[in-house]
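Reading through the structure tokens given below for one structure.
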Amino acid sequence: MTSFREPRSSFPVFIVSIGVFALVVSATLLLAACAVAPGRPAESASSDPSKVSTIEAREEKSGRTRADVITLDSAMANPPRQMTARASRPQLLAYSHGPTFLGDWNTERYDSIEVRGFRRPVDVPLSTFSIDVDTASYANVRRFLRDRIRPPHGAVRIEEMVNYFRYRPLAVEGAEPFSVETEIFVAPWAPENRLVRIGIHGHELSVGKTPARNLVFLIDVSGSMHGPDRLDLVKHGLAELTRNLRSIDRVSIVVYAGASGLVLPPTSGADQAQILEALGRLEAGGSTRGAAGIRLAYETATQNFDPTGINRVILATDGDFNVGVTSRSELVRLIEEKRESGVFLTVLGFGRGNLNDSGMEALADKGNGNYAYIDGKNEARKVLVEQANATLITIAKDVKIQVEFNPARVAAYRLIGYENRKLEDRDFNDDKKDAGEIGAGHHVTALYEIIPVGRKLDPAKMEGSVDPLKYQAPVAATESAGSNAWLTVKLRYKEPTEAKSRLLTRELSGAPHSFEGASENGRFSAAVALFGMLLRDSEYKGQGSFEMVQSLGREALGRDDHGERAEFLQLVALAKNLDDTGS
């Protein structure tokens, strides 16, 4: 039998050769990319001219000289007299390009939202929470919808969406820094239920009564902040604020990336050209050592503290802290420590793809501050110019609300939104417990959906109940339960410089209004709340639909001087289209 031997093929050798060649090429490209990769410095700081070619290329293209560009390196190499020394010479903050988000790479971070069901007053008579004046969620949701993307559930914080809008101001009453009103009316998405609205309106301050402002712009100039919707937008917004400063105001600028530096010492608002020039020179590049920047910003604000003025750090960032102290708990602890200095905090979020929403919200909450997301020039102007007093001037701090429901009239209740603002009932009287702040002209709304006594309760929508107690009997109702009151609202707040809280009390009684008979503020806030529930696909949306939101919103447009409510209807239409197409 003749044997047959297959000739040896050269194909495997060819494959191996190709593989080796591809590996060499990939390694070469990788090494080249590392020189300009986002989040890393183009070159380390050096006097060697061969190591600044990337910077020089950018300068040639932009028409600037190297002296015209403020980088963290130049700030540290030539510090102003007031500059706090930092350890080592940092790396240059210059890049040939910014970060690129490829495909589905999205590292945006949002806290999960745990929605509570209806609670029975006989089981849980009190509802206690901190007020929230943040507005970031609405602007962020707007960004998603304009990009034809359904926002993640964690991005939809209903209280922030409701509180984003300007409402008809309340009449000034008493010596308190804010006015309070309550009303009850039919819930449009569940006509058998009722809505309770608690409205708080911070009193406005005239220009002549606005205190001097000691502001520190704390600006993230790391590589992730490169781009028109990041550092460019930061510079635009802070420039708008600068143009509205007065001679009694002072501004300092602290920047951070791989290290932190003071690039502008305290400068009078009368010298706007110097402030604008410093802002215009900022460029992005490097890693993000946020904790070092926070420390330096608070040091700067404290050194120039004005006991009769406004002392505030304005942090502009995407929240992507990745060097040094990066743990959220450690950053929060740092902010809690610094707030004892009497310096307040405003956090402005920028960018997309790597937005650390949860981290920035936590910093603002713990820093006696507020959090806004800036998705464009109009929003920058709204937050920093049109509503500058609400953003920058705190008129009441540690504001808490506690509502006691009358079990003779309320079978069950639930608070809409404020899921991450809930407090223990005992925290209400504890002046050491931190809570939210109200700015001058701020309007805060809280909505409760209640089921009147006599209505059937749906067990699926109730929070879990417990078995009857063996050794205790239910507490008997008091004589007050026989009144026509639905509930009593208690508020605690502190004056900005005080440590002891003050108490306000309001009682809500009487027959509920029809939805059409509710105030314009009540009807529009209900429309926004329903919109948030639909975006979350909440089990409590009842008969609600995007068509219903459009109808409710149109009928409560009122005086819409800034076009915000008309824009709201446009966003509802975008969300409806996403829902119809299943996007």
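Efficiency by 1/(1 + (r/R0)^6): what FRET value for LEU457 and PHE305, r their Cβ-Cβ distance, R0 = 60 Å, to the nearest 0.05?
After rounding to 0.05, the efficiency reads 0.65.
With 25 Å as the cut-off, how large is the P(r) tail for region 95-225, expressed as percent of Cα-Cα pairs?
54
Could you compute how fast region 343-402 diffuses translationally, taking Rh as the Kirkwood radius over C-alpha pairs and applying Stokes-Einstein at 37 °C with viscosity 0.692 mPa s? Give it in µm² per second.
262
Taking Cα atoms of region 501-583, Rg/Rh with Kirkwood Rh, to two decimals?
So for region 501-583, dividing Rg by the Kirkwood Rh gives 1.07.
Over its Cα atoms, what ratio of radius of gyration to 2.2 N^0.38 Å does region 123-182 give?
It is 1.53.
For region 208-392, what is the convex hull volume of the alpha-carbon atoms per residue, in Å³?
96
If you consider only alpha-carbon coordinates, what radius of gyration and Dmax does region 162-302 have, in Å?
21.0, 61
Counting only other residues whose beta carbon sits under 10 Å from that of LEU233, what net charge do I get with K and R as +1, D and E as -1?
Result for the local shell: -1.
Evaluate region 402-500: find the radius of gyration of its Cα atoms, find its Kirkwood radius, and give the ratio Rg to Rh.
Computed over Cα atoms, the ratio is 1.01.
Taking K and R as +1 and D and E as -1, what net charge do the other residues with C-beta under 13 Å from the C-beta of ILE395 add up to?
So the surrounding residues net to -2.
Out of region 408-463, which GluC sites (Glu not before Pro) are coil in DSSP terms and have no more than 13 other C-beta atoms within 10 Å?
Sparse-neighbourhood loop GluC sites (Glu not before Pro): GLU424, GLU463.
Could you state the orientation-averaged shadow area of the convex hull built on the Cα atoms of region 331-487, in nm² to one decimal?
Over all viewing directions, region 331-487 projects a mean Cα-hull area of 14.2 nm².
Among the aspartates and glutamates, which have Cα under 16 Å from the Cα of LYS209 when same-chain residues fewer than 8 positions away are ignored?
ASP249, ASP306
Here, each number is a calculation from the coordinates, and none is a lab measurement. Predicted model, so just to flag it, every value in this text is computed and none were measured. Neighbour counts run over all protein chains shown; Cβ positions are idealised from the backbone, glycine included.
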